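Below: the structure, in structure tokens.
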Amino acid sequence: MSNPHSNDPRDNPGEFLLDKDGAPLLDRYGRPIRRRSAQRPAQPQRVERVERVERVQRPERPRQHMPGEGGYQPRRTPLPPRQAAQRPVQRPVQRPAQRPTGRPAPRPVPRPAPQPVQKTRRRRNPMNLLGWILSIVLVGAVAITLVADARLARVDALPDNRIGNTAGTNWLIVGSDSRQGLSEEDVQRLGTGGDIGSGRTDAIMLLHIPATGQATLLSIPRDSYVNIPGYGSDKINAAFAFGGPKLLSETVENATGLRVDRYAEVGMGGLAGLTDVVGGVEVCPPEPIQDPLANLDIQAGCQVVDGPTALGYVRTRATAMGDLDRVMRQREFLSALMHTVVSPKVLLNPFRIVPLALKGSGLFIVGKRDHVWNLARLALAMRGGINTETVPISHFADTEVGNVAVWDDAAAAQLFGGMR
């Protein structure tokens, strides 16, 4: 008896497709294929839903009959073996042949061979090099200036009781006859003689630097008869011996009415050493001078003198006017020395400027508030041209302190008044 719900071809042989041998045709899952005209009877909705779930989750496998159960064995179609995926072979693209145009094919243009890359040297900018040089020079100049300023000897040179301020800047320049720092060989070479130690002044000058115009270098004869505060009337150079730079500055202020603003002092050894450092100074004596006491033997005419000769030149009195000639030579030499110090042959020569800054600064004694750049201002003022004057002398007189120079009060007052 046939069962309409059975999938076995033996139960319903008319509902399935058969091959020529009468065997049922199978689908890819090994199940017999039903005919299209055959309609399956309706099944309960619950059973159909369960069959759909089972088909989705677990596909139905064909029933395998054991030997002796009908002799039917479903035939399986073997699947083709998997082949390893291979990358597509890239073949060169063949361009279609061009049609002949009757014209000769253009010749290929030969490409130039690649040139080796050459490393180009970076050109140096001359302005950068100049800037480096200027920077080095500037730093060196500042360093030398600070060292030179530290080597200056300083002393309290300004008086406690000062007069009122006057115009311009006034330098009190003193050339002392001190032999301090000189050995016996230096004394013999320089011909200084005398006792070694602090003494009086061989040169007293007042340099007036106005706000505008030329400077004036005023020589004060060392035998000038003036009033020394606390000591009465005496030669002006005695004030240096009694009270040093401070008393000398006070005496000059009271005698001239000019306020002393700065102070500079150089001894015998310092004057000779400074002359040698700058390579000599040119002097122009109008007549030959021979003075064994000053160790001087110089001919007339312009000539460059060394340190010992320069010292003898500013110290000698072996001329017709004696001390008055000497102050003129002192002004001449000081002006020539300052002109040489700020000349290009010294400033642009490192073998001159460096010893001048390091050694020459140690030869000066300045006031407590004075610096090496103030000395440079002094030298520049004298290099630009100066007026030279000497305090007018009315006569010489013999007094209890010796032979002295008496000032012409009227002419001296007029001279000092022009500088106030």
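The values are calculated or read from the model by the stated rules, or taken from the named source; none is laboratory data. In this text the structure is predicted, and so the values were computed from the model without any measurement. Virtual Cβ from ideal backbone geometry, glycine too; neighbours counted across all protein chains shown.
Annotations for the structure displayed:
- Pair list, Cβ under 7 Å, 6 or more apart: the stretch 353-375 residue at positive phi, other residue in a helix (DSSP H, G or I): none
- A residue that is within 30 Å of TYR231 (Cβ to Cβ) and of a type outside the set (Val, Ile, Thr) can be found somewhere in the stretch 290-306.
- Filter pass, LEU324 being part of a helix (DSSP H, G or I), modelled with pLDDT under 90, of a type in the set (A, V, I, L, M, F, W, C) and within 30 Å of ILE393 (Cα to Cα): yes
- Highlighted here are the strands (runs of 3 or more DSSP E) found entirely within the stretch 228-318 that include at least 1 residues which are under 44 Å from the mean Cα position of the chain (by Cα) and touching a residue at least 12 places away in the same chain (Cβ under 8 Å): 262-266, 281-283, 303-305.
- Check on PRO288, closer than 19 Å to ASP323 by Cβ and modelled with pLDDT under 95: no
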